[in-house]
Amino acid sequence: MPVHLTGAQWPSAGPGGLPRYFAGLFGALRRRTDLDVSAAAFGAPEAGGGSWGPDAGSTLARVRASRHPAPSGTRVLDRHFALFGPAPRGARLVTHFHGPWAQESAAAGEGRAAVALKALVERARYRGSDRFVVLSQAFADVLVERYAADRGTVAVIPPGVDLERFAAAPVPDGPPRVLCVRRLERRMGIDVLLDAWRGVLDRHPEARLDVVGDGPLRGDLAERAAELGVADTVTFVGPIDDAELARRYAAATVTVVPSRSWEGFGLVALESLAAGRAPVVTDVGGLPDAVRGLEPGLVVPAADAEALAHRLAAALDGDRPAVAACRAHAERFDWDTAAERHASLYRAVAA
């Protein structure tokens, strides 16, 4: 059965969990013999995929570029971003809901007019979807409550994780390191992490914090670290490739995902677990799903710097799941299982 996936970016075009999720799902679906899968997004494509060109230029120009028709005979069009992708043109439409685009923009500080326009675009593009896919029950609830989707059309399919790219390794000796991999914008909670970091240093003065990623708040966050007197223990690493990311996980003692809002699942938490590192996460959206069944104490209240500091310090004291337990938990999230559930959904919607 011919299936066409459309996304915003291939991993080559930019860092982040969503491009890796899109590529991971595409790769797993391509390994199946019952589907004829194609895909398109911006940037240099993964093997077997197509590209609409570089992820550059105006938004309008990229929207137009993405409207290139799906391959002839496509039975199911699986769209992963509201703004980009062709019309179904005879195919059934599956929409991946990775988050409320307009509300995420509002949380990042965008103006009211821009947020309202994005909300209109979202609703228009979701209209006519035959099925929706979300990564967690939390986002199924958002889709139903905020976008009036029929709950019977929403499938919750957790993501997979690349178990080869992120291999487990023993925690190294030396000063403890905490790793945070996030885009540097307000809803990601890096400001809360910096406030918490002072409390961590009170108990572990030799500890170091590495923040991987980029975004509009990088300068402000660096200034905040200086104001708090922790700048000499915090490194803003910037964006890195997957090979370097794997090395950073191996060098870490624990990781942290301090999101304030709108977290569909948190693929970085799964990657951390695959590398054998326990992630301390907030109780936002689908983030707790990543560690559910491993250790409830890894989840802390969002925007609570004191609770976050206490839990990170305890983790550095040794109160954390072992490397093998983290890896075993990550192995529950394999891409072949996710691909099987998608294939079943495609068959049902195309019947």
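Just so it is clear, none of the values below were taken in a lab; they were calculated from the coordinates. Given the structure is predicted, the values throughout are model-derived calculations rather than measurements. With ideal geometry, Cβ positions are generated from the backbone for all residues, glycine too; neighbour counts draw on all protein chains shown.
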Folded to 0 to 90 degrees: helix 17-30 orientation relative to the chain principal axis, Cα: 50
Inverse of <1/r> over all distinct C-alpha pairs of the range 1-123, i.e. the Kirkwood Rh in Å, gives 15.0
Against the longest principal axis of the chain, how steep is helix 190-203, in degrees 0 to 90 to the nearest 10, with axes from Cα atoms? 30
Looks like the range 252-341, by Cα gyration tensor root eigenvalues a ≥ b ≥ c and the a/c under 1.5 rounded cutoff (else prolate when a/b is bigger than b/c, oblate otherwise), is oblate
Per-pair calculated FRET efficiency, R0 = 22 Å: Arg292 and Ala322 via Cβ, rounded to 0.05: 0.80
Among Ala231, Ala87, Ala243, determine the one that fluctuates most according to a GNM of the chain built with springs between C-alpha atoms less than 10 Å apart. Ala243
Simple spin-label estimate for Tyr147/Ala231, 7 Å along Cα→Cβ, in nm, reads 4.2
Roughly how many nanometres apart are two label points built 7 Å out from the Cα toward the Cβ at Glu306 and Ala47? 5.3
Provide the packing ranking of 170-180, 96-106, i.e. peptides ordered by the mean count of other C-beta atoms within 10 Å per residue, highest first. 96-106, 170-180
Rounded if a/c is under 1.5, else prolate if a/b beats b/c, else oblate: with a ≥ b ≥ c from the C-alpha gyration tensor eigenvalues square-rooted, which is the range 177-330? rounded
Set the Förster radius R0 to 41 Å, insert the Cβ-Cβ distance between Glu110 and Arg31 as r into 1/(1 + (r/R0)^6), and round the FRET efficiency to 0.05. 0.60
With label points set 7 Å from each Cα along the Cα-to-Cβ direction at Glu223 and Arg64, the distance between them in nm comes to 3.8
How far, in nm, would the chain grow between Arg89 and Arg198 when pulled straight, counting 0.36 nm per residue and subtracting the alpha carbon separation? 33.7 nm
Out of Leu228, Leu179, Ala274, whose Cα points farthest toward the positive end of the dipole of the range 177-330 (charges: +1 Lys, Arg; -1 Asp, Glu; placed on Cβ)? Ala274
Burial order of peptide ranges 244-251, 20-27, 203-210, 272-279 (average beta-carbon count within 10 Å, highest first): 272-279, 20-27, 244-251, 203-210
Extension gain from Asp242 to Ala348, taking 0.36 nm per residue of separation minus the Cα-Cα distance: 34.6 nm
Per-pair calculated FRET efficiency, R0 = 22 Å: Glu340 and Ala169 via Cβ, rounded to 0.05: 0.15
Would you mind giving the average projected area, over all directions, of the Cα convex hull of the chain in nm² with one decimal? 16.7
